[in-house]
Amino acid sequence: MWSLFANIGNLILFINLILFIKGASNDGKAHSIFKWYLGAIFLVQIVSMILKKFNINNLYLSHFYFIGQFILLSLFYLNILKGELQKKIVKGCLIIVLLALTTQYTIDFSLFLKFNLFEIFITSILLILYATFHFYNMLNGKKEFYFINIGILFYLFGSTILFLVGNLTIVLSPKMNKITWILNSILYVLYQIFILVEWKKSFSKKREFKTIL
């Protein structure tokens, strides 16, 4: 069942990537950054699936996923957040976290071969903070990237809890381990659906309007 939800999530991710490549090229820097984000996580997912098929350890790819996600979504929020203080917080946290993780892996490279709980927590919690900033800004402003923001907040909050017990599932029964990954896969499918809804509600209408013109 885990493979089923994972494949569904990757299929929707691929659809989202194609839609954003075709329809978000002229809609601003934030759209472009989000397109690169979709492409990056799709690449990580595909490489991970290939390695798994050949029974090759793919756990180290989680670092590319979390750090890549953190960098690209930080840049994404840097372009859509309005307040100067919010932008300074994003810039400062991006630099500090990258320096901290670089130092951590330099001191103990063995962390690269397993889940890094600090990496998972700090990158995810900060993105949740940025998403909260954006929700606050939308209270009295334009509801831009509304469904994407909901998806990010919903997925990261749930997946962070699941990944934080990632190391613990190793000592649990195989059944409990499967439940953890199934739940994460379901969250991932829902996240991709939110992104698809965003494209349908916002970007597809822009394309129709441009076509009419």
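The values are calculated or read from the model by the stated rules, or taken from the named source; none is laboratory data. Computed from a predicted model, the values in this text were never measured in an experiment. Positions of Cβ are backbone-derived with ideal geometry, glycine not excepted, and every protein chain shown enters the neighbour counts. To get the accessible areas, we keep the full protein, side chains included, count just its heavy atoms, and leave off ligands, DNA and RNA. Shrake-Rupley method; radii C 1.70, N 1.55, O 1.52, S 1.80 Å.
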Selection within region 169-193 - open to solvent by 80 Å² or more (accessible area, probe 1.4 Å) and modelled with pLDDT under 75: ILE170, VAL171, LEU172, PRO174, LYS175, MET176, LYS178
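When only residues in region 132-162 that are part of a loop (DSSP other than H, G, I, E, B) and not acidic (Asp, Glu) count, which is farthest from the chain's Cα centre (by Cα)?
Once the filter is applied, the top-ranked residue is ASN140.
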Being within 17 Å of LEU126 (Cα to Cα), open to solvent by 20 Å² or more (accessible area, probe 1.4 Å) and among the aromatic types (Phe, Trp, Tyr): is that true of TYR65 here? yes
Which of (1) within 19 Å of VAL189 (Cβ to Cβ); (2) modelled with pLDDT under 90; (3) not basic (Lys, Arg) is the odd one out, the single condition ASN26 does not satisfy? (1)
For the condition of a type in the set (S, T, N, Q) and out of contact with any helix residue (DSSP H, G or I) (no Cβ under 6 Å at 6 or more places or on another chain), what is the one hit in GLN45, GLN86, GLN69? GLN69
When LYS91 is run through (1) open to solvent by less than 30 Å² (accessible area, probe 1.4 Å); (2) within 26 Å of LEU139 (Cα to Cα), the failure sits at (1)
